[in-house]
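Worksheet: the structure to be examined is printed underneath.
The values are calculated or read from the model by the stated rules, or taken from the named source; none is laboratory data. Given the structure is predicted, the values throughout are model-derived calculations rather than measurements. Cβ placement follows ideal geometry from the backbone for every residue including glycine, while neighbour counts extend to all protein chains displayed. Just so you know, the surface numbers come from the protein's heavy atoms only, side chains and all, with ligands and any DNA or RNA stripped out. Shrake-Rupley method; radii C 1.70, N 1.55, O 1.52, S 1.80 Å.
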Protein chains: 6
Amino acid sequence: MTTTPELEPLPDGTLEKLRQVSTSTIATQLYKRGFRQPQMLGVRPFSTVADGFVAEAFTMRFIPAREDVNTLDPYRSGNTLQWDAFESVPPGHALIVDSYGDTRAASGGDMLMTRAWKRGVAGVVTDGGLRDGHVLSQLPFPTYAAAVTITTRAAWHHVADLQVPIGCAGVAVYPGDVIVADRDGVLVVPRAIAGEIADPSLEQEQLEAFVATKIAAGEPLAGNYPPGDKIKAEYQASLGESSTA
Amino acid sequence: MTTTPELEPLPDGTLEKLRQVSTSTIATQLYKRGFRQPQMLGVRPFSTVADGFVAEAFTMRFIPAREDVNTLDPYRSGNTLQWDAFESVPPGHALIVDSYGDTRAASGGDMLMTRAWKRGVAGVVTDGGLRDGHVLSQLPFPTYAAAVTITTRAAWHHVADLQVPIGCAGVAVYPGDVIVADRDGVLVVPRAIAGEIADPSLEQEQLEAFVATKIAAGEPLAGNYPPGDKIKAEYQASLGESSTA
Amino acid sequence: MTTTPELEPLPDGTLEKLRQVSTSTIATQLYKRGFRQPQMLGVRPFSTVADGFVAEAFTMRFIPAREDVNTLDPYRSGNTLQWDAFESVPPGHALIVDSYGDTRAASGGDMLMTRAWKRGVAGVVTDGGLRDGHVLSQLPFPTYAAAVTITTRAAWHHVADLQVPIGCAGVAVYPGDVIVADRDGVLVVPRAIAGEIADPSLEQEQLEAFVATKIAAGEPLAGNYPPGDKIKAEYQASLGESSTA
Amino acid sequence: MTTTPELEPLPDGTLEKLRQVSTSTIATQLYKRGFRQPQMLGVRPFSTVADGFVAEAFTMRFIPAREDVNTLDPYRSGNTLQWDAFESVPPGHALIVDSYGDTRAASGGDMLMTRAWKRGVAGVVTDGGLRDGHVLSQLPFPTYAAAVTITTRAAWHHVADLQVPIGCAGVAVYPGDVIVADRDGVLVVPRAIAGEIADPSLEQEQLEAFVATKIAAGEPLAGNYPPGDKIKAEYQASLGESSTA
Amino acid sequence: MTTTPELEPLPDGTLEKLRQVSTSTIATQLYKRGFRQPQMLGVRPFSTVADGFVAEAFTMRFIPAREDVNTLDPYRSGNTLQWDAFESVPPGHALIVDSYGDTRAASGGDMLMTRAWKRGVAGVVTDGGLRDGHVLSQLPFPTYAAAVTITTRAAWHHVADLQVPIGCAGVAVYPGDVIVADRDGVLVVPRAIAGEIADPSLEQEQLEAFVATKIAAGEPLAGNYPPGDKIKAEYQASLGESSTA
Amino acid sequence: MTTTPELEPLPDGTLEKLRQVSTSTIATQLYKRGFRQPQMLGVRPFSTVADGFVAEAFTMRFIPAREDVNTLDPYRSGNTLQWDAFESVPPGHALIVDSYGDTRAASGGDMLMTRAWKRGVAGVVTDGGLRDGHVLSQLPFPTYAAAVTITTRAAWHHVADLQVPIGCAGVAVYPGDVIVADRDGVLVVPRAIAGEIADPSLEQEQLEAFVATKIAAGEPLAGNYPPGDKIKAEYQASLGESSTA
């Protein structure tokens, strides 16, 4: 188990601001800064109750199981890193699991997810599968995976590492990166850029909410989306009004 | 942008009749005429509110983006065909987007879909992804795609053409073809055959609804499904009754 | 059509016990006995009303259609094995269809599923597609497939055999194997082992339900999951109480 | 093991004629008669010494292995159908193996292929893998597969049947169908049509050989390919000359 | 058929310089300018005789065939764009075919390729399949494709357009782009940047050839690869020597 | 960079014995001991000159690149672990690269491979791509990969770790495992079992070589393959003869 790196704290309010923003808006802000693919493609929300989360990443890395290492009694094979992970993710952080896209075995199930929830973990994400999908759909705890997989973890997965840089569904995740997850899916925001994009993301989100009312009222795209100077001014004016009110 | 071809009008009542028929029935009618694969495989409905649509196709074609053409400010790169498309699809027609099956970036999102809805467009279909999936699930406007994709369109897609023949999820779509979409998925009915199949499709649909009551009542398949002469006669008689009634 | 083999009856109560157990628990019990992959990966429940089933398997095998064998009038081509299957699956048994993972055409639709339901069949599973997905979602009859496919069966599938050993979604299924399906998916329990695992599965299920109350109450994983001697004793004591009460 | 069906003999000279024709020409002849996909896609020749074969199909069907059936001593598990197959394919026939496209384990290796060669078998084809690929590349015996796979057969495959209709790489194969394999790959010619296409195939092959000399000499496609009346007449004249000579 | 756009001529010597450079070197030069993926992944050389080519792109676009458009007599269905393409690619240019990655039918065969060769076409590339692979392997004409496919083109492909922007194996190709193909595969160089990279590419190629002699002689990577100042100076000196000599 | 673990030395002669054995034989020996999938599926030899290798594994792990970490000047981004790896693999060991099956960028090229060869490295294996495939095909140094990829490594890959447990093409590789590679592909032999299987593997190889002469001479499979007591005795006798001679 690798020691968690010391990280610079995130600028004040970063997570709070990002919690008010949709993943779509953040993807656009990242694209403008040169990040082409922040989304974990194919990873979908399991909970129908929880909305998502914004949290720092705590990582776990899987490799394929092997018959000499992963014996038929998984609990006694000594590979207990997975339990360690669920007890050591700091409250408020999210556990991100690199299952190398292999959904043949579950990367976890309801017992571990309930424990994470109770410990105040923000959420769990994997590019593999999760078992007990029906239970997880009702749990007020955000979980994301590529498939419902019933098969037990040790059949195909070995837990190799905690808190190392990983790939998850094609996206690099470094411990401490900011993970943004909502009902559409999961994005990775590089830690060094999270503070920088928080304000512009929130501004874009609010401006587009204003624009959306125009489009929903039947106005054309031209001038409204993407927003032109006129609607931007109108939006600014509306802010004055509402703050005055 | 290619000029939309002049097309023969569809026989009167074609779309109205097809609107009363399930995609399954139409697939069977097409198969009998030699069309083996009318379905866009892997394309699923996003709206949980809208039932589907029957409409003529207006096509849009994507190709991969490239760094010299699709710059980091997509709105100012000059590739504004997508906005043109959403403002020029005739009301009552459907926009069908050839995303060459690439779901790495969204082929559109809630703002464009809302605009299409407000303009009276029948629906939007793509073999790529759509962002804002959660919003689209609540929109009373039928959208169909292969995935929820958050990543912004310009990251991986360039809009190349409007109103040219395309492939979408493995099926050829010519401008003016009749697209039939319901809660199960999307079919392409070649324009030249739409009129011909409208009546037989409606008849099969109604006969099978009658048969379904028999099967649901516990009768065997033999003689009923596929329908034999006896049940056909019984069905015809029932029509007489109901028209008399 | 192959003759169904004579099979030893299952030990009394096997199916009843397994009906009280989740697929996850059974997967673990199978893994402990050396079975690594009992799950039909990618096969998901269609019915939102039915919970699943536990039943003996009746198998059907598809191969690719060919233009000389599967003519444009499928009902009259003489390949009526599919209808035979739906009328001959014994009530209480489940029909498992090897569609060789090909979802280009439906492996069945609502009429056949309704007939199976009315005949008392336990459920239908395929690694191909099923049409009329929206109807099936409302049917109080458990159906499982890899996709909603509208295209008619005869376009791409020929029915080759009944009651032979098959592969379905990567798992071998022999006629008479015990199929366990719930809201998470489908497992195959080899017939010879079904009796042996019924009691331990039920015990594990009940113990874990007890453990789950602890985890949900905020207790740590250590000692509880996997269950240690102390919680096992506590669980045994609780059984005494409830049986005394 | 199913009994091999009694089949009508092929018209005299069918196989001999087809042996003089490329797979491309035969694919075209089949297409003209409505057969869209006769090729086993993804199946490639392993032998660099043998040219291919034209022969009747003897089929073998695999399903996934399972730990209770396919034990760690494969030779003593009683599943000896594979050995039976290699000793019972009639000389001059070809063994076609349905490995359901699974290349995780070999469907056979050099010892079995050598035995087939020595017995006068025409060739072996599978949509799975073959081990000992380097040896097979040098063997004067045509073998075709989707991959070189080293892993032993019993790890993932069970031999279920001989001489039943199968699918192989997406194409139906019935015992007795005519398999045509050359350095480009493998086609299935339905038995009932083999005699009918033999002469037209040979004629097309010879005409196109004549046309090819024109194209290679720099003549344009127009009139030559597809061949027009003038070049057909010229070809006919050339036949007269050569038969006179 | 779209009119070929008027293009600025390429800077003098661009193609000649690029012909002396490997695709690897050009990929590196493109990456330094922000182009992440210039390679057509999965497209491989068929000819074992020809080395490759550097040429301007002439594009052809396929869409899926449909039974009403692509009838069983392909030559008479009126879809003769493919023949037009092979007769109208300017000598010295390369034909690049967007087969939307579908290898179920051939995108062409030996007759068309021979005609292209005789007309002085530089080469043919597709992300689909080519038939007559064995013949093409011996032809002194560079062809590239994703698979050997025997099945006739009209079974699955319709030719939709010439000289429009296309995607080929995931890379955008605009008419007039510079295609660089060697024994490793195919790259697309955007036309606007071809001139700019020609000199640096050639310099890198020559410097690395010099470096390669050092590495092959047993020198370490450090200082040599990537080349440091010392070896660059040594290389410059060697140029002086050889130009003096 | 993780410190290489201290490992027990392999039993004397282990590697020497395994060098006389084909991968097929070793796969069978592993299967008998419960290892179902030792092969790196899809990884193929590039060198047409080198036969393969048997060596201890030195591992390297890749994750996806990201625009903030992997800048356009890869050599100066500070991610120099790849160069370190090629200079620090002990002579006689093999470098095994976990590219998480992503072939979009090369995992290395001819310069690094030449350096490895000169340093006495046994071979290089990756489940990604290698550039300069044509050069590598002629190099007397065994390289194995899933594809020829021209695109430069830093475009899609970041080098994360050396000498940690990895997955490569679906198989776990721990530093010090024994990698066996020949013209058919690559196997992983767990270090703890390498000594145990060396003698039985060599014996099986030699016995089967003897059996192969029988099969090649036209003898049946029965009694010979798998070898029965009689041929085993005959083989033992032949050993006596040759040792006496």
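Would the protein assembly as shown count as rounded, prolate or oblate if I go by the C-alpha gyration tensor, calling it rounded below 1.5 in a/c and otherwise prolate when a/b exceeds b/c, oblate otherwise? Rounded shape, in that the Cα axes give a/c under 1.5. The aspartates and glutamates whose alpha-carbon is closer than 17 Å to the alpha-carbon of D:Lys230, local same-chain residues fewer than 8 away aside, are D:Glu203, D:Glu208, D:Glu219, D:Glu241. Think of each Lys and Arg Cβ as +1 and each Asp and Glu Cβ as -1; about the Cα centre, that makes the dipole of segment C:103-157 roughly 160 debye. For label points placed 7 Å from Cα toward Cβ, what is the shortest-first list of nm distances from E:Asp199 to its copies? Counterpart label points of E:Asp199 in the remaining copies fall at 4.4, 7.0, 7.0, 7.5, 8.7 nm. When the charge dipole of chain E is built from unit charges on Cβ atoms (+1 for Lys and Arg, -1 for Asp and Glu) and taken about the Cα centre, the candidate among E:Asn224, E:Ser24, E:Phe210 whose Cα reaches farthest toward its positive end is E:Ser24. Quick one: helix F:23-32 against the long Cα principal axis of chain F, what's the angle to the nearest 10°, folded into 0 to 90? Computed tilt is about 80 degrees. Closest approach of a chain D Cβ to the axis relating D and C (residue, whole Å): D:Tyr100, 3. With Cα atoms defining each centre, segment A:176-245 and segment E:30-66 are spaced 40 Å apart in the structure.
A point 7 Å from Cα along Cα→Cβ stands in for A:Pro220, and the other copies hold the same point at 4.8, 6.6, 6.6, 6.7, 8.6 nm, listed in rising order. Here the dipole of segment D:35-96 is about 280 debye; that uses its Cα centre as origin and unit charges on the Cβ of Lys and Arg (positive) and Asp and Glu (negative). Using a cutoff of 8 angstrom between alpha carbon atoms and counting only pairs six or more residues apart, the relative contact order for chain A works out to 29 percent. Each residue of segment E:102-117 is assigned a 3J(HN,Hα), and the resulting list reads 9, 9, 5, 10, 5, 8, x, x, 5, 5, 5, 5, 5, 4, 4, 4 Hz, derived from the Karplus form 6.51 cos²θ - 1.76 cosθ + 1.60 (θ = phi - 60°), x at Gly and Pro. Take each residue of peptide E:37-46, count the partner chain Cβ atoms within 10 Å of its Cβ, and average: the result is 5. Look at the Cα gyration tensor of segment C:1-64: its axes a ≥ b ≥ c give a/c under 1.5, and that counts as rounded. For D:Asp12, the point set 7 Å out from Cα toward Cβ sits 6.6, 7.2, 7.4, 7.4, 10.1 nm from its twins in the other copies, listed from shortest up.
Per residue of the protein assembly as shown, the DSSP helices (runs of n ≥ 4 H) give a summed -39500 (n - 2.57) that works out to -10000 deg cm²/dmol at 222 nm. The charge dipole of segment D:106-223, taken about its Cα centre with unit charges on the Cβ atoms of Lys, Arg (+1), Asp and Glu (-1) only, comes to about 620 debye.
Taking the DSSP bridge list for chain E and keeping only pairs wholly inside it, about 60 percent are antiparallel.
Of the cross-linked pairs B:Lys232/D:Lys32; C:Lys17/F:Lys32; C:Lys32/F:Lys232; F:Lys17/F:Lys214; D:Lys17/E:Lys118; B:Lys32/C:Lys118, those separated by over 27 Å at the C-alpha level are B:Lys232/D:Lys32; C:Lys17/F:Lys32; C:Lys32/F:Lys232; D:Lys17/E:Lys118; B:Lys32/C:Lys118. Working from label points 7 Å from Cα in the Cα-to-Cβ sense, the C:Arg19 to B:Lys118 distance is 5.5 nm. Across the protein chains, with a 1.4 Å probe defining accessible surface, the residues E:Asp98, B:Asp73 rank B:Asp73, E:Asp98 from largest area downward.
For segment B:91-193, what does the alpha-carbon gyration tensor say about shape, rounded, prolate or oblate, given a ≥ b ≥ c as the root eigenvalues, a/c under 1.5 as rounded, and a/b over b/c as prolate? The shape class here is oblate.
Taking the accessible area of the protein assembly as shown, probe 1.4 Å, and keeping the other protein chains in place, the carbon and sulfur fraction comes to 54%. When F:Glu234, A:Glu6, C:Glu203, A:Glu205 are compared by accessible area of protein heavy atoms, the largest-first order is A:Glu6, C:Glu203, F:Glu234, A:Glu205, using a 1.4 Å probe. Remark: spin-label model distance A:Lys32-B:Ala192 equals 5.0 nm, labels positioned 7 Å along the Cα→Cβ axis. Amide H contacts of D:Gly108 (H built 1.01 Å from N, in plane; Pro and chain starts excluded): D:Arg131 sit under 5 Å, all sequence-distant by 5 or more or on other chains.
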